[in-house]
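Below is one structure, written out as structure tokens; the observations come after it.
The values are calculated or read from the model by the stated rules, or taken from the named source; none is laboratory data. Quick caveat, the model's predicted, so the values are computed rather than measured. Every residue, glycine as well, gets a Cβ built from its backbone with ideal geometry; the counts of neighbours run over all protein chains shown.
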Amino acid sequence: MLKGYISPYNATVVQKLLDGGAVLLGKTNLDEFAMGSGSTDGVFGPVRNPWSYSRQYKEKIVPRSDSEPENSNWVITGGSSGGSAAAVSAFTCFAALGSDTGGSTRNPAAHCGVVGLKPTYGLISRHGLIPLVNSMDVPGILTRCVDDAAVVLGSLAGHDPKDSTTVQDIFQPFALPSLTDVSKLSIGIPKEYHAPGLSSEILAVWSKAADLFKNAGAKVVEVSLPHTHYSIVCYHVLCTAEVASNMARFDGLEYGHRSDMNKSTESMYAATRREGFSDVVRGRILSGNYFLLKQNYEDYFVKAQKVRRLIANDFVKVFGSGVDILLTPTTLSDAVPYVEFIKEDNRTRSTQDDILTQAANMAGLPAVNVPTALSGRGLPIGLQFIGRSFQEKQLLTVAKWFE
Ligand code: GLN
């Protein structure tokens, strides 16, 4: 729908980077309208994970079969901001921006072995960011280390009159202190994040990280976020409902693609949207309109909003009980080969992966992926830290200690 489109104005985050003296190198690939967890669904084709070409991975993989082309083993970046994660991972830039509605910055960061920060909702302006789910979207930051993420955050955060959901408080950019003593920290391990499909390798890395904190004197406690397992269906209803509404602006009149089919205004609208949107986008518009039908609105949309509140309240309770930071995996497994990823129903697969990341969006909390280890196949594994609202400094300080 927006192929070749050049925006007449800069997003606030872009303008702030330019004002701060940053050199912008270009745009990066992603899933169409940020819908997905693979970066396999964009108009420019799928994004290849640079780790596919690393010595570690190439030495470990067993060629699938003689008949398949040699490059069939390359792995996905995760998504939806996979191009940004790949660009940082391949050392082509210092930092990249992504968006994070349900995990789209943290998921590709984990698969590409980089830091991916989803800031607190309302800390960074969304002006100029194409909306997916307005109440969950945040611009995300991808860098190679936690200190760099703090630098970029410092230049982006703060109130913007063009985004009424940004908070008024003055944001003080910070440099991260070197934490030497973690003994006053309480780290929560949410038991529901032992999700179905979590690989044994990731589980082992997660336990090892918890032990590291324990051995350094931190209090490590098991906590419960009991509504976690409703998050996938809840997110699905809220996301598609907002997509149905957000995508209404693409009608072929104001901007973007316009079909040549011009027998009537209605047929032009329909053809424009049929030609301009992928199956994934059209599927979400259809689902969303179903949930928003008069007879379904209360049963689906209103109920999902209530469930979202329960999910957010789980975090309020846990942080209220004295836990400072939650430690969880970011993804269920390391990156899978593209040929495997597309064999499955993409949409089902991406919804499963999001279980570890999307609850933080529903609660508006800051969360960061930190690269941790390499899997048996020589691919990155990341862990996620989730912090209290607007406590980015504490979150990143702990992430830096761990890094
Ligand atoms: N995978 C989720 C989705 O497809 C999240 C996407 C995102 O964070 N932009 O909706």
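Brief remarks on what is shown
- Which numbered condition PHE213 misses (of (1) without any contact (Cβ under 8 Å) to a residue 60 or more places away in the chain; (2) in contact with a strand residue (DSSP E or B) (Cβ under 8 Å, 6 or more places away or on another chain)): (1)
- Considering the conditions (1) aromatic (Phe, Trp, Tyr); (2) in contact (Cβ under 8 Å) with a residue 12 or more places away in the chain; (3) surrounded by fewer than 17 Cβ atoms within 10 Å (Cβ to Cβ), TYR297 is excluded by exactly one of them, (2).
- The conditions of being more than 12 Å from the ligand (Cβ to nearest atom) and basic (Lys, Arg) are not met by LYS118.
- Residue, nearest to ILE76 (Cα to Cα), within segment 333-362, restricted to residues that are near the ligand (Cβ under 10 Å from one of its atoms), among the polar types (S, T, N, Q) and modelled with pLDDT of 90 or more: THR357
Each row is one residue, and each column tells you yes or no for (1) surrounded by 16 or more Cβ atoms within 10 Å (Cβ to Cβ); (2) under 20 Å from the mean Cα position of the chain (by Cα); (3) closer than 24 Å to ALA363 by Cβ; (4) modelled with pLDDT of 95 or more.
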position: LEU179; (1), (2), (3), (4): no, no, no, no
position: HIS194; (1), (2), (3), (4): no, yes, yes, yes
position: GLY197; (1), (2), (3), (4): no, yes, yes, no
position: LYS214; (1), (2), (3), (4): no, no, no, yes
position: GLU222; (1), (2), (3), (4): no, no, yes, yes
position: HIS229; (1), (2), (3), (4): no, yes, yes, no
position: THR240; (1), (2), (3), (4): yes, yes, yes, yes
position: GLY252; (1), (2), (3), (4): yes, no, no, no
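- Only one entry in LEU132, LEU142 is outside any loop (DSSP other than H, G, I, E, B) and within 16 Å of the ligand (Cβ to nearest atom), namely LEU142.
- Filtered residue count, segment 90-114, keeping only those that are buried (at least 24 other Cβ atoms within 10 Å of the Cβ) and farther than 22 Å from PHE315 by Cβ: 7
- Residues in segment 37-57 that are within 21 Å of ASP353 (Cα to Cα) and not in a loop (DSSP other than H, G, I, E, B): ARG48, PRO50, TRP51, SER52.
Per-residue answers, yes or no, for (1) over 17 Å from the mean Cα position of the chain (by Cα); (2) aliphatic (A, V, I, L, M); (3) away from the ligand (no atom under 16 Å from the Cβ):
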{"residue": "ALA11", "(1), (2), (3)": "yes, yes, no"}
{"residue": "ASP19", "(1), (2), (3)": "yes, no, yes"}
{"residue": "LEU30", "(1), (2), (3)": "no, yes, no"}
{"residue": "THR40", "(1), (2), (3)": "no, no, no"}
{"residue": "PHE44", "(1), (2), (3)": "yes, no, yes"}
{"residue": "ALA85", "(1), (2), (3)": "no, yes, no"}
{"residue": "GLY103", "(1), (2), (3)": "no, no, no"}
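- All positions within segment 376-390 that are at pLDDT 95 or above, part of a loop (DSSP other than H, G, I, E, B) and under 23 Å from TYR57 (Cα atoms): LEU379
- Here is the figure for segment 359-373: residues that are in contact with a helix residue (DSSP H, G or I) (Cβ under 6 Å, 6 or more places away or on another chain) and more than 17 Å from THR166 (Cα to Cα) total 7.
- In the condition set (1) small (Gly, Ala, Ser); (2) more than 13 Å from the ligand (Cβ to nearest atom); (3) modelled with pLDDT of 95 or more, SER99 is compliant with all but (2).
- Among (1) exposed (fewer than 12 other Cβ atoms within 10 Å of the Cβ); (2) of a type in the set (Val, Ile, Thr); (3) in contact (Cβ under 8 Å) with a residue 60 or more places away in the chain, the one test that VAL280 misses: (1)
- The selection criterion, being within 18 Å of THR228 (Cα to Cα), within 15 Å of the ligand (Cβ to nearest atom), within 15 Å of the chain's Cα centre (by Cα) and of a type in the set (S, T, N, Q), does not hold for ASN369.
- When each of SER321, SER287, SER333 is tested for being farther than 14 Å from SER231 by Cα, exposed (fewer than 15 other Cβ atoms within 10 Å of the Cβ) and in contact (Cβ under 8 Å) with a residue 24 or more places away in the chain, the lone residue that passes is SER321.
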